[in-house]
Structures are given as structure tokens and as C-alpha cells.
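These notes are about the structure you will find just below.
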Amino acid sequence: MSLNVTEKAVREIKRIQSNDASSANAFLRVMVVGGGCSGMSYKLGFDSQPAAANDKVIETDGVKIIVDAKSFLYLSGTTLDFTDGLSGTGFVFTNPNAKRTCGCGSSFSA
């Protein structure tokens, strides 16, 4: 299993990279960190390269994504999407491993 990235999310990642020279050739790092009202939160950022030998590197339509081994345990099978609807704009995670999520969808428990 891996992290799935929708076409809309890929387009948005590429748009961000094209508007920011420092992230143009960077990897998107996807992490799970402690915090949030349900216990764990998602965190996104750009890295110039994998930080550890056991980082998972996933490439989708030219976008390179890094997930550390611990986060991958929680993210396996997750879909990363991007929404720009009336409810708000941003990246959205659909995580089959989440047992409970908060009302805003930014944190979860597994």
C-alpha cells in the first residue's frame, strides 16, 4: 500500500512549486505529528532531499513525496486531495486508518 495523490492535489503542489523558487525541485514531505484535538495531525512541507535512509519516496506525475517510516504506518492507503470549495481551500486527507477525526478534519486518532 502507499499514499495516493489525486490529480487535483498534484496540480496544486506543482502550482505552489512554480510560484516558489526555493521549492521548485523539492520533495513534498508528508508527516503525521502528535497534536490536534484527536491526538495526531497531518503536516506538509518541502524538503530538498530525504532525511533518513528509511524515508519512503513516492512519485506521482512528476511530484516527489517523502514520508518517514513512522508516519507511513499511519498514512498507508491514505488519499491526499485538494479542495477549493465553499467549505474552504486546502489539502484534504482521506485516511482509512483513522478511527476518529475531529470536526474540522485536521486531526485524527488511529
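Annotations for the structure displayed:
- Going by neighbour counts of Cβ atoms within 10 Å, the residues 3, 86, 75 line up, fewest first, as 86, 3, 75.
- Computed over the chain: relative contact order in percent, which uses C-alpha pairs under 8 Å that are six or more apart: 31
- Number of Lys-Lys pairs in the chain with C-alpha atoms under 24 Å apart and a separation of 8 or more places or on different chains: 14.
Bear in mind that the values in this text are calculations on the coordinates, not laboratory data. On a predicted model such as this, the values are computed, not experimentally measured, just so you know. Methodologically, a virtual Cβ is constructed for each residue, glycine included, from the backbone with ideal geometry; neighbour enumeration extends over all protein chains shown.
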